[in-house]
Amino acid sequence: MALRINDEIPNLHVTTDLGEYDLHDWIGEDWAILFSHPKDFTPVCTTEFGAVAQLSDEWAKRGTKVMGISVDGVKEHKSWKSDIEKTAGASAGFPIIADEGLEVAKALDMLPADAYLPDGRTPADSATVRSVFIVAPNKKVQLMMTYPMSVGRNFAEVLRALDALQKTYGAPLATPANWENGKDVIVALSLDDAAAAEKYGALDIKLPYLRYAKDPA
């Protein structure tokens, strides 16, 4: 069965360049982001992992752990990190899973169940292993993104989506298109006008079903 939003992330035991972890224990009470790529020492992914490294303070501010996933091994990860840090000008202190046997890729539904990688594989052989998963402290998947090989991921958008998820997590709120922290939010229809105003203050009612309130930061 495909992994879906609100499914619990599998509690996989993973080997990384920084040691071994059970995913649920690693997540703990924090938010978590798992992001994958086809192969080490590839151009687009080097820029992407560099972007993650550059945002280390932002992840920390949001109580969020990050972990990479790759189909290469620990030795390759450790060597590749020097390239990442050289080009990004930032320390890549996050772990990268060594998913040589595709256990993680299969468990997170990033490859067909019968997928395999041939000897001398190229990034094209694992092109579908290029996804982002944002996981809440309850260990449930909140958001999934998958990209083609030719388009670098926008980690400013991943950060924005994380902000929106944290803003609305367990609250009767949603965020509109292009929302950023500090902008007005949408009040869920589970609250009537009176209850919404009592909870969030004056409402900006555009339509009976579209009601804005100030960001309750």
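The values are calculated or read from the model by the stated rules, or taken from the named source; none is laboratory data. Computed from a prediction, not measured in an experiment: that's the story for all the values here. Using ideal geometry, Cβ is built from the backbone for each residue, glycine included, and neighbour counts are taken over all protein chains shown. Only protein heavy atoms, including side chains, enter the accessible area calculation; ligands, DNA and RNA are left aside. Shrake-Rupley method; radii C 1.70, N 1.55, O 1.52, S 1.80 Å.
Only one of (1) of a type outside the set (Ser, Thr, Tyr); (2) in contact with an Asp or Glu (Cβ under 9 Å, 6 or more places away or on another chain); (3) modelled with pLDDT under 95 fails for residue 107. Which number is that?
The failed condition is (2).
Among the residues that make up the range 17-37, is at least one of them small (Gly, Ala, Ser) and farther than 22 Å from residue 163 by Cα?
yes
Restricting attention to the range 1-54, which residues are part of a helix (DSSP H, G or I) and of a type outside the set (Val, Ile, Thr)?
Once the filter is applied, which keeps residues that are part of a helix (DSSP H, G or I) and of a type outside the set (Val, Ile, Thr), the range 1-54 yields 23, 24, 25, 26, 43, 45, 48, 49, 50, 51, 53, 54.
Quick one: in the range 55-73, of everything that is part of a loop (DSSP other than H, G, I, E, B) and of a type in the set (Gly, Ala, Ser), which residue is nearest to residue 26 (Cα to Cα)?
63
Take the conditions surrounded by 18 or more Cβ atoms within 10 Å (Cβ to Cβ), touching a residue at least 24 places away in the same chain (Cβ under 8 Å) and not small (Gly, Ala, Ser) and apply them to residue 30. Does it pass?
no
Can we say residue 7 is under 26 Å from residue 166 (Cα atoms), of a type outside the set (Phe, Trp, Tyr), free of Cβ contacts under 8 Å to residues at least 12 places away in the same chain and open to solvent by 20 Å² or more (accessible area, probe 1.4 Å)?
Here the answer is no, as residue 7 does not meet what is asked.
(1) at negative phi; (2) at pLDDT 95 or above: which one isn't true of residue 151, the others all being true?
The single condition residue 151 does not satisfy is (2).
Out of 9, 5, I need the residue that is closer than 21 Å to residue 102 by Cα and in contact with a strand residue (DSSP E or B) (Cβ under 7 Å, 6 or more places away or on another chain). Which one?
9
Of the conditions (1) of a type outside the set (Phe, Trp, Tyr); (2) surrounded by fewer than 19 Cβ atoms within 10 Å (Cβ to Cβ); (3) modelled with pLDDT of 95 or more, residue 128 fails just one. Which one is it?
Result: residue 128 passes all but (3).
Taking the condition surrounded by 14 or more Cβ atoms within 10 Å (Cβ to Cβ), more than 27 Å from residue 52 (Cα to Cα) and either modelled with pLDDT of 95 or more or in contact with a helix residue (DSSP H, G or I) (Cβ under 9 Å, 6 or more places away or on another chain) (or both), does residue 199 pass?
yes
Which of the residues belonging to the range 180-196 are in contact with a helix residue (DSSP H, G or I) (Cβ under 7 Å, 6 or more places away or on another chain) and either in a loop (DSSP other than H, G, I, E, B) or farther than 19 Å from residue 165 by Cβ (or both)?
Listed by number, the residues that qualify are 180, 181, 191.
With 20, 58, 48 as the choices, which residue is touching a residue at least 12 places away in the same chain (Cβ under 8 Å) and open to solvent by 10 Å² or more (accessible area, probe 1.4 Å)?
Among 20, 58, 48, only 58 is touching a residue at least 12 places away in the same chain (Cβ under 8 Å) and open to solvent by 10 Å² or more (accessible area, probe 1.4 Å).
For residue 177, indicate whether it is out of contact with any helix residue (DSSP H, G or I) (no Cβ under 9 Å at 6 or more places or on another chain), modelled with pLDDT of 95 or more, under 25 Å from residue 56 (Cα atoms) and among the aliphatic types (A, V, I, L, M).
No, not satisfied.
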